[in-house]
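Values quoted throughout were computed directly from the atomic coordinates according to the rules given, and no laboratory measurement underlies them. Keep in mind the model is a prediction, meaning the values are calculated, not measured. Ideal geometry is used to build each Cβ from the backbone, glycine not excepted, and the neighbour counts take in all protein chains shown.
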Amino acid sequence: MLILAREEIVAALLGLMVELRGLQPSFLGRAEPVADAILREQPNTVLIDCDHPDCGDALLDAIRNAGAVPILFSPFRLQSEVLSFAARHGARSFTLPTDTDTFGRVLDN
């Protein structure tokens, strides 16, 4: 599962939550383009921060074209904002903070 977060600490915390679900997190390299990370990792799922600089139609299309499911999240936006953003893009979403059960349900849907 590839994690694309604007903040490194958020990526690390999500990585721990992914590991608690028995999955293997992966992260974007320092200067690595997102498209390269998707090709390198070939993830089933990509968690992407709504405020990540690359988050938009092109990236969400690239994720889907690679056979992965995009799941949008935000540690800063209101849940209603994230839900609206995700609905416009046909994606699942969650906001932080979240608990492990809620996080698991978002991953399992």
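Rounded to whole numbers, the Karplus 3J(HN,Hα) couplings from phi for segment 96-109 are 9, x, 9, 9, 5, 5, 4, 4, x, 5, 5, 5, 7, 5 Hz, using 6.51 cos²θ - 1.76 cosθ + 1.60 with θ = phi - 60°, and x at Gly and Pro. Once backbone amide H atoms are built at 1.01 Å from N, Val69 has Thr45, Val46 as its partners under 5 Å, excluding neighbours fewer than 5 places away on the same chain. Evaluating 6.51 cos²θ - 1.76 cosθ + 1.60 at θ = phi - 60° for every residue in segment 88-93, the Karplus couplings come out as 4, 10, x, 10, 7, 7 Hz, glycine and proline recorded as x.
The helix-only estimate of mean residue ellipticity at 222 nm for the chain, built from DSSP H runs of length n ≥ 4 each weighted as -39500 (n - 2.57), is -13000 deg cm²/dmol after division by the residue total.
Comparing Leu16, Phe27, Phe85 along the charge dipole axis of the chain, the residue lying farthest to the positive side is Phe85, per the Cβ-charge model. By other beta-carbon atoms within 10 Å, ranking Ser26, Ser84, Ser74 with the fewest at the front produces Ser84, Ser26, Ser74. Residues in segment 41-47 carry Karplus couplings, in order, of 8, 6, x, 7, 9, 10, 8 Hz; the curve used is 6.51 cos²θ - 1.76 cosθ + 1.60 with θ = phi - 60°, and Gly or Pro positions show x. Under the Kirkwood approximation applied to all pairs of distinct alpha-carbon atoms, what is the hydrodynamic radius of segment 30-81 in Å? Taking every pair of different Cα atoms in segment 30-81, averaging 1/r and inverting gives 11.6 Å.
Working from Cα pairs under 8 Å separated by at least six residues, relative contact order for the chain is 23 percent. With the alpha-carbon atoms of the chain aligned to their principal axes, the span from lowest to highest coordinate is 30, 30, 24 Å, starting with the largest. Annotation: amide H of Arg92 within the under-5 Å range of Leu72, sequence separation 5 or more or interchain, hydrogens built in the peptide plane. Magnitude of the charge dipole for the chain, about its Cα centre and with charges confined to Cβ atoms of Lys, Arg (+1) and Asp, Glu (-1), is about 200 debye.
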